Amino acid sequence: MQTSQKILIIGNGMVGHHFVEQMRQSDANADITVLCGEANLAYDRVYLSSVFDGKTAADLALTTHDNYKTLNINVHTSQWVEGIDRTAKVVTTLTGEQYPYDKLILATGSFPFVPPIKGNDQPHCLVYRTLEDLEQIKASAAVSKSGVVIGGGLLGLEAANAIKQLGLDTHVVEFAPQLMAVQLDGQGGTLLKNKIEKLGVTVHTSKATSEIVKGETSRFRLNFSDETFLETDLILFSAGIRPYDQLGKIADLELGERGGIIINNQCQTSDPDILAIGECALWDKKLFGLVAPGYNMARVAASQLSGGELEFLGADMSTKLKLLGVEVGSIGDAHAKTPDCKELIYQDAIRGCYKKIILSEKGDKLLGAVLVGDTSDYDTLLQYMLNDMDLPENPECLILPDSGGAPSLSGSALPDTATICSCHNVSKGDIVGAIDGGSCDLASVKSCTKAASGCGGCAALLKSVVDNELASRGVEVNNHVCEHFAYSRQELLHMVKVESIKSFDDLLTKHGSGHGCEICKPAIGSILASTWNDFILEPAHVGLQDTNDTYLANMQKDGSYSVVPRIAGGEITPDKLIVIGQVAKDFNLYCKVTGGQRIDLFGARLEELPVIWERLIEAGFETGHAYGKSLRTVKSCVGSTWCRYGVQDSVGHAIEIENRYKGLRAPHKFKMAVSGCTRECAEAQSKDIGIIATENGWNLYVCGNGGMRPRHADLFATDLDTPTLIKYIDRVIMFYIKTADKLQRTSVWMENLEGGLDYLKSVVIDDSLGICDELEAQMELITQTYACEWKKAIESPDAAKRFRQFVNSPETDDNILFVQERNQIRPATEAEKREQRNTQNRIPVMEVEEEQADVLA
Amino acid sequence: MSWHNIGTIDNLVANSGVCALVNNQQVAIFYIPQNPTAVFAISNYDPIGKANVLSRGIIGSIDNKLVVASPLYKQHFCLETGECLEAEAIHLPVFNAKIEDGSVFISSEPKVTTTVA
């Protein structure tokens, strides 16, 4: 029975061909038929670009018709499959031929992903995947002077090599801040970029192409989202691959959420008689875009069909290759994601090489490596990792020309006793316990420990602890925003920019599911606001905002709101102080001086907000953004103007800086402070941005935090003049906005930033990513389009309508009740409310209410 | 069951909530234009936060249930059944709601009478 089984293979790429060879080897009598879509039989796609070195299609071929004939394989080229009848076990092609099977192998591979950029479908906009593609590229290059590859990953650089060999002025445009972001770390990516540029290929990182239009000096012009552009004659898309899983769909096989035909360890799809191998197959939610794992699947499938017991159990994705003549290697955990791992870096600016090894916590095992410019250590390192061998006592000798130099250690994790959620008194140990007890995602840890279900202030910290713990147990952790979007905040930001998406609904339709929630909606609202700087209360955005953002005020426990006018730098005139006092008196508001040197007015009812703000705006106040994920205050000491010790005008600078960044939307709130001398009375080192005066200028500190998990800010640069200071702050904040996760403060962002403080310095001070112009330009755009949201709100004709308590009644919320304490109001307790209702005591605030109702009417 | 006209559809905010006073009860009314039901009405009182705030929460879906998240402590309440996803014992009063000839109608009594602390 086994010997005469009919095996039909769809696809004759490298993996499909490997299967044919393996199958024939293990079963001499099997009836093997191959359907091949391309005109050519299997060829070596890995070396595709060598065709431009003078190699021919025949040189790349892995097999021939004669060879298949000798092996007794039936093969049909240019055959595209139209239908698969799983019951009758028959495959039908576009031309109507039918092929019966006992076992069907899908080896359909993948296709290049072309980003949805306007104008991407014109002639001379090509992809790089097949021999046919090469013919088109050759034809186009013959009538072109310059070429651009969109995508700076592994394949993109291969493609760049191809068009460079054709003599074109070659450019690579990459959306991420670095090349080969999957395989390399930031520093490795930077060195690779420098080396490639020396070879005559211009690299543009952090560039999002928004459209392709007719050029002036060349055939096309690529317009980037940062208003810059690049002209070119030929465009090659190489922005990643997608599994060619169409046949899986046709046959109604189980597919992954984001594509790929799901297979088990035996390479079987949801139909046990259909197997899938190579890039079209999805194993354990992973696609494998390298040839080695594909070959491995081919071996497993052949073994399964001939009674063997080989299983596919994942694959090591380490790679070593030469891109445009530059040696690049990536092994294992190249991004040093393993908790508590250690990094050892060797960098040689003269020879132009960079080597990093990632070691286990004890420093005795190799977890990963990044090599750029010199991969001679690759094989040794790979062996150490794959075989889990003990490292020598001085592991640095593996990458150093001669040993010496201390390894740099990464920060250690929190101890088990650390309190994560102070509302429910949950320690890190409790969270670890919950995970040990079977919780395997954030939601179940939350419901099991109650962590982050109180004030929610620890949500970000909790997530990072849970992610770390799960990752250390080998669970694949995702950084998806929520159940509605299978993407991180940064990925969503990219999509919004690249596809020019301007509304939540548009993004949800294209990339999400369900109706959204209170997690993704504000996150996307913030992305839209900081990308397009639209008024956050445009009708399309209203439903995305937290109540605080919707009503431009902070909701308190009883449903009333607090009002915080901006008092930049904490400086206020007596007249303005009097206005605040008078408004507070008139509306019976509770007054409290905040830690940020301004005044908070509590107890305002929803419908009172526009009236209160009308008064404040009339007196020259503007919104303090206390409700937004944006700049709060720039705290200052009194500075050299008055203070005997001050060396600079800290108040003047604080006001200037507060006015520059007010209203800017960010992943989380951020605070700043300016101290006039080293005594540091403004406590600048506990702020996201801290500035301390020196005799010669300003010292800049970044990423500090007070609050739940205090962190001293890091000294970033010293003795700066004012323009340089502002320039660096622009860049740091904009880089934070562009790269931080949702609700991630700068302190946590810094701790998770690959390369930490040094990396941030290289990006901001040395412009290592070449993005500083763009960061500054975006900041400039946003500062120039600033407008006070409260001024806009009250100028709008339906302000009063928007802020009513009831759409159908002028009455007010009778559940907001106050009592007097220390000569001011405070919310009544439940018991006090019951008492007030029983005695029908009208308290003074109600009289004010009636007056205000008249104003509103 | 009697219906209470709370005014024209202009009073509603798409994909968000407003509050109306119906028969002396505060009712949170949510308008989802793409949904066949379009309008949903539940009590405006958040029994956990003990304040009349639900109309000001963000609406969305959790496991295919349409919900509003309380702006106070973020518990989710189902717009169709009033159940609290985080506290099974809590069911909010749910009101019938409809749009007719450009006006919005809310039933003057809740659909199911439940005890809410």
Out of all the residues in region A:505-515, is one or more away from chain B (no Cβ under 14 Å), at pLDDT 85 or above and either under 17 Å from the mean Cα position of the chain (by Cα) or farther than 30 Å from residue A:428 by Cβ (or both)?
yes
Restricting region A:516-544 to residues that are within 11 Å of chain B (Cβ to nearest Cβ), touching a strand residue (DSSP E or B) at 6+ places or on another chain (Cβ under 9 Å) and modelled with pLDDT under 85, the one farthest from residue B:65 (Cα to Cα) turns out to be A:539
Residue under evaluation residue B:37, criteria (1) modelled with pLDDT of 90 or more; (2) touching a strand residue (DSSP E or B) at 6+ places or on another chain (Cβ under 9 Å); (3) not aliphatic (A, V, I, L, M); (4) not in a strand (DSSP E or B), criterion not met:
(1)
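Across region B:1-34, what is the total count of residues that are assigned to a strand (DSSP E or B) and closer than 21 Å to residue B:102 by Cα?
Residues meeting the conditions: 19.
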Among A:719, A:767, A:773, the single one that is within 30 Å of residue A:342 (Cα to Cα) and either surrounded by fewer than 20 Cβ atoms within 10 Å (Cβ to Cβ) or at pLDDT below 90 (or both) is A:767
Hey, could you check region A:367-382 for residues that are at pLDDT 90 or above and of a type in the set (A, V, I, L, M, F, W, C) and say which is farthest from residue A:196 (Cα to Cα)?
A:367
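Results for (1) charged (D, E, K, R); (2) modelled with pLDDT of 90 or more; (3) part of a loop (DSSP other than H, G, I, E, B); (4) in contact with a strand residue (DSSP E or B) (Cβ under 8 Å, 6 or more places away or on another chain), shown as yes or no for each residue.
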residue	(1), (2), (3), (4)
A:25	no, no, no, no
A:32	no, yes, no, yes
A:35	no, yes, no, yes
A:48	no, no, no, no
A:55	yes, no, yes, no
A:58	no, no, no, no
A:68	no, yes, no, yes
A:87	no, yes, yes, no
With the structure loaded, tell me whether residue A:207 is of a type in the set (D, E, K, R), out of contact with any Cys (no Cβ under 7 Å at 6 or more places or on another chain) and outside any loop (DSSP other than H, G, I, E, B) or whether it fails that test.
no
Some residue of region A:754-776 being within 14 Å of chain B (Cβ to nearest Cβ), out of contact with any strand residue (DSSP E or B) (no Cβ under 8 Å at 6 or more places or on another chain) and part of a loop (DSSP other than H, G, I, E, B):
no
Residue check, residue A:172 against (1) under 24 Å from residue A:215 (Cα atoms); (2) in a loop (DSSP other than H, G, I, E, B), all met but one. Which one?
(2)
Residue pairs, Cβ under 8 Å, 6 or more apart or interchain, first in region A:807-826 and of a type in the set (Val, Ile, Thr), second part of a strand (DSSP E or B) and surrounded by fewer than 19 Cβ atoms within 10 Å (Cβ to Cβ). List them.
A:807/B:7; A:819/A:826; A:825/A:819
Show the residue pairs meeting these rules: Cβ distance below 9 Å; 6+ apart or different chains; first residue within region A:64-88 and closer than 13 Å to residue A:11 by Cα; second residue exposed (fewer than 12 other Cβ atoms within 10 Å of the Cβ) and of a type in the set (D, E, K, R).
A:75/A:69
Every listed condition ((1) among the charged types (D, E, K, R); (2) more than 12 Å from chain A (Cβ to nearest Cβ); (3) under 22 Å from residue A:484 (Cα atoms); (4) more than 15 Å from the chain's Cα centre (by Cα)) holds for residue B:83 save (4)
Among the listed residues A:600, A:586, A:558, A:575, which satisfies the condition of being under 21 Å from residue A:811 (Cα atoms), away from chain B (no Cβ under 14 Å) and among the acidic types (Asp, Glu)?
A:586
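Taking the condition at pLDDT below 90 and in contact with a helix residue (DSSP H, G or I) (Cβ under 8 Å, 6 or more places away or on another chain), does residue A:852 pass?
Spelling it out, residue A:852 is indeed at pLDDT below 90 and in contact with a helix residue (DSSP H, G or I) (Cβ under 8 Å, 6 or more places away or on another chain).
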Considering A:349, A:369, which residue is without any contact (Cβ under 8 Å) to a residue 60 or more places away in the chain, of a type outside the set (S, T, N, Q) and in contact with a helix residue (DSSP H, G or I) (Cβ under 6 Å, 6 or more places away or on another chain)?
A:369
Which of (1) of a type in the set (A, V, I, L, M); (2) surrounded by 20 or more Cβ atoms within 10 Å (Cβ to Cβ); (3) part of a loop (DSSP other than H, G, I, E, B) does residue A:631 not meet, given it meets every other one?
(3)
Residue under question is residue A:175, and the condition is that it be under 25 Å from residue A:317 (Cα atoms), modelled with pLDDT under 95 and touching a strand residue (DSSP E or B) at 6+ places or on another chain (Cβ under 7 Å); does it hold?
no
Which ones in region B:43-56 are more than 8 Å from chain A (Cβ to nearest Cβ), touching a residue at least 40 places away in the same chain (Cβ under 8 Å) and either within 15 Å of the chain's Cα centre (by Cα) or crowded, with 24+ Cβ neighbours inside 10 Å (or both)?
B:43, B:47
Qualifying residues in region A:777-809 (those that are among the β-branched types (Val, Ile, Thr) and over 19 Å from residue A:725 (Cα atoms)) - the one nearest to the other protein chains (Cβ to nearest Cβ):
A:807
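Residue by residue, here is whether (1) farther than 30 Å from residue A:252 by Cα; (2) charged (D, E, K, R); (3) surrounded by 15 or more Cβ atoms within 10 Å (Cβ to Cβ); (4) out of contact with any His (no Cβ under 9 Å at 6 or more places or on another chain) holds:
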{"site": "A:49", "(1), (2), (3), (4)": "yes, no, yes, yes"}
{"site": "A:110", "(1), (2), (3), (4)": "no, no, yes, yes"}
{"site": "A:114", "(1), (2), (3), (4)": "no, no, yes, yes"}
{"site": "A:117", "(1), (2), (3), (4)": "yes, no, yes, yes"}
{"site": "A:135", "(1), (2), (3), (4)": "yes, yes, no, yes"}
Would you be able to say whether some residue in region A:675-687 is in a loop (DSSP other than H, G, I, E, B), in contact with a His (Cβ under 8 Å, 6 or more places away or on another chain), closer than 22 Å to residue A:764 by Cβ and in contact (Cβ under 8 Å) with a residue 24 or more places away in the chain?
no
Take the residues in region A:94-126 that are in contact with a Lys or Arg (Cβ under 7 Å, 6 or more places away or on another chain) and in a loop (DSSP other than H, G, I, E, B); name whichever of them is nearest to residue A:233 (Cα to Cα).
A:124
Kindly provide the set of residues from region B:57-74 that are part of a strand (DSSP E or B) and facing chain A (nearest Cβ under 8 Å), ordered by number.
B:58, B:59, B:60, B:61, B:62, B:66, B:67, B:69
Restricting region B:1-42 to residues that are small (Gly, Ala, Ser) and out of contact with any Phe, Trp or Tyr (no Cβ under 8 Å at 6 or more places or on another chain), which is nearest to the other protein chains (Cβ to nearest Cβ)?
B:7
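Any residue at all in region A:702-724 that is among the acidic types (Asp, Glu), out of contact with any Leu (no Cβ under 6 Å at 6 or more places or on another chain) and not in a strand (DSSP E or B)?
So in region A:702-724, the residues among the acidic types (Asp, Glu) come out as A:714, A:719, A:721.
Narrowing further to those that are out of contact with any Leu (no Cβ under 6 Å at 6 or more places or on another chain): A:719, A:721.
Filter once more, keeping what is not in a strand (DSSP E or B): A:721.
Within region A:702-724 (the criterion being among the acidic types (Asp, Glu), out of contact with any Leu (no Cβ under 6 Å at 6 or more places or on another chain) and not in a strand (DSSP E or B)), the answer is yes, since at least one residue qualifies.
The values are calculated or read from the model by the stated rules, or taken from the named source; none is laboratory data. Quantities reported herein were computed from a predicted structural model and do not represent experimental measurements. Cβ atoms come from the backbone with ideal geometry, glycine included; neighbour counts cover every protein chain shown.
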